[in-house]
Amino acid sequence: MRATGPDEGGRHGLGETDRDDVPWGRPVVDGIPIPPFADAAAHRTYLRSLQTFVLLLDTGDPSAVTIALAATLEAELPRAATDAPRLSALALSVSLSTFFPAPWTPEALALALDGSGYGTPVRGRGGWSWGGDPDYTATRVRPGWRIERHERGSRTHATLPDDGDLTLLWMDMFRSRFPYPIAHTPVSSVPPPEALAAAARATLAAHSANVAMPYLQSWREERDRAGANGPGEVGPLR
C-alpha cells in the first residue's frame, strides 16, 4: 500500500519525487521475465503480459485506440528463437508510459534504456548517474536510495525507499509524456484535428458495432472479475 502524508517514506524534497502521477510503491508481478531475455519464449511472455496490462488499463469498452495499441504490440512478438533479446523501442516506450509492473531491477532497466536517448542511467561508484541539465545521482543508502539533483550549482535531495521506486522514477523521467499533438505547436504539413474529425467519427461509429461482439463482452467480464477482489488479490487472467 502506498504511504501517505508529508513524509511518504522520505519520498519528498524534489519535484520529480513529489509527483502524484507516478504509482509509487505499486506492486510488481514476479512471474514476468525482464530483458535481456533468455530466449524468445521469455520475450513473448513479457509482451503478452504487457498487452494484457494495456487492456486492463482501459476500463471502458475497450476503446479503439487500446485495441490498436494491443495489435501493434502483437506485431512485436519474436518470430524465431534467435530474435534479439532486447525490447523494441515501441515496447519499451509502452512499458515506460504505463509503468508496466515487471520486476525491473535498476540494472535491467538501465540496460533497456541504454541507447534510447540522451542522459540515460550510467552505473558509477556507489550508485547511478543520469540526466544533463539538471543531472542526477542515486546513491545507495540503507534502505533505499538517496537522490541528488544538481542544476547550475544548486543541489537538492530526496530519498526513495527501494529499487522499485528508483525504477518508477526512471520510467517517469524517460517516458514520452507529451506525444504529438499534445503540448506541441501544430506542424503545417500534418492535417489539423478538424480535417481528421469526420473520419475519426466514422471509425468510432464502426467501433461501436465491434463493442457488441461476444469476444469483447467476454473480455470485459474477465477483466471485471480480475479487478473485483481489490488491489493485491487479483488472480491470473488466463
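The values are calculated or read from the model by the stated rules, or taken from the named source; none is laboratory data. Quick caveat, the model's predicted, so the values are computed rather than measured. Cβ: placed from backbone, ideal geometry, glycine included. Neighbour counts: every protein chain shown. Calculation scope for accessible area: heavy atoms of the full protein, side chains included, ligands and nucleic acids excluded. Shrake-Rupley method; radii C 1.70, N 1.55, O 1.52, S 1.80 Å.
What Kirkwood radius, in Å to one decimal, follows from the Cα pairs of region 1-143?
By the Kirkwood definition, the hydrodynamic radius is 17.1 Å.
Run the simple label-point estimate for Thr105 and Ala209 please: 7 Å along Cα→C-beta, distance reported in nm.
The answer from the label model is 5.2 nm.
Using just the alpha carbons, could you tell me how many Å³ per residue the convex hull of region 161-217 encloses?
It comes to 151 Å³ per residue, whole-number rounded.
Taking only Cα atoms, what is the 0 to 90° angle, nearest 10, from helix 64-74's long axis to the longest principal axis of the chain?
Helix 64-74 sits at roughly 70 degrees to that axis.
From the helices alone, meaning DSSP H stretches of at least four residues, give me the mean residue ellipticity at 222 nm for the chain, per-run term -39500 (n - 2.57), in deg cm²/dmol to the nearest 500.
Here the helix-only value at 222 nm equals -12500 deg cm²/dmol.
How big is the equivalent ellipsoid of region 77-124 along its three axes, where each semi-axis is √(5λ) from the Cα gyration tensor, reported in whole Å from largest to smallest?
In descending order, the three semi-axes are 20, 13, 11 Å.
So how tilted is helix 40-57 from the main axis of the chain? Cα-based, degrees 0 to 90, rounded to 10.
Approximately 80 degrees, to the nearest 10.
Rounded to whole Å, give me the distance from the Cα center of region 155-192 to that of region 106-128.
16 Å
Arranged from highest to lowest average of other beta-carbon atoms within 10 Å per residue, in what order do the peptides 121-127, 187-193, 87-93 appear?
The most tightly packed comes first, giving 87-93, 121-127, 187-193.
Within 10 Å of each candidate Cβ there may be at most 14 other Cβ atoms; applying that plus a DSSP loop requirement, which trypsin sites (Lys or Arg not before Pro) in region 128-234 survive?
For trypsin sites (Lys or Arg not before Pro) across region 128-234 that sit outside H, G, I, E and B with at most 14 neighbouring Cβ atoms in 10 Å, the list reads Arg152, Arg177.
Work out the FRET efficiency for Asp18 and Arg125 from their Cβ-Cβ distance, taking R0 = 41 Å, and round it to the nearest 0.05. It would help to have the intermediate numbers written out before the result.
On the way: r = 28 Å, r/R0 = 0.68.
Efficiency, rounded to the nearest 0.05: 0.90.
From the C-alpha gyration tensor of region 135-190, pull out the three semi-axes of the equivalent ellipsoid (sqrt of 5λ each), sorted largest to smallest, in whole Å.
Here the semi-axes work out to 33, 15, 6 Å.
Taking all protein chains in place and a 1.4 Å probe, what share, in percent, of the accessible surface of the chain do carbon and sulfur account for? Numbers along the way, then the final one.
Working: 7970 of 13640 Å².
Carbon and sulfur: 58 percent of the exposed surface of the chain.
Using only Cα atoms, find the angle between the long axis of helix 163-174 and the longest principal axis of the chain, and express it within 0 to 90 degrees, rounded to the nearest 10.
With rounding to tens, the tilt is 70 degrees.
Note the full-extension length gain between Thr66 and His150 as 0.36 nm times their separation in residues minus their Cα-Cα distance, in nm to one decimal.
Details: separation 84, 0.36 × 84 = 30.24 nm, distance 3.84 nm.
Result: 26.4 nm gained on full extension.
Could you do me a favour and compute the accessible area per residue for the chain, 1.4 Å probe, result in Å²? All intermediate terms of the calculation are to be shown ahead of the outcome.
On the way: 13640 Å² over 238 residues.
Here the per-residue accessible area is 57 Å².
Report the convex hull volume per residue for region 60-217, counting only C-alpha atoms, in Å³.
Measuring per residue, one finds 193 Å³ for the Cα hull of region 60-217.
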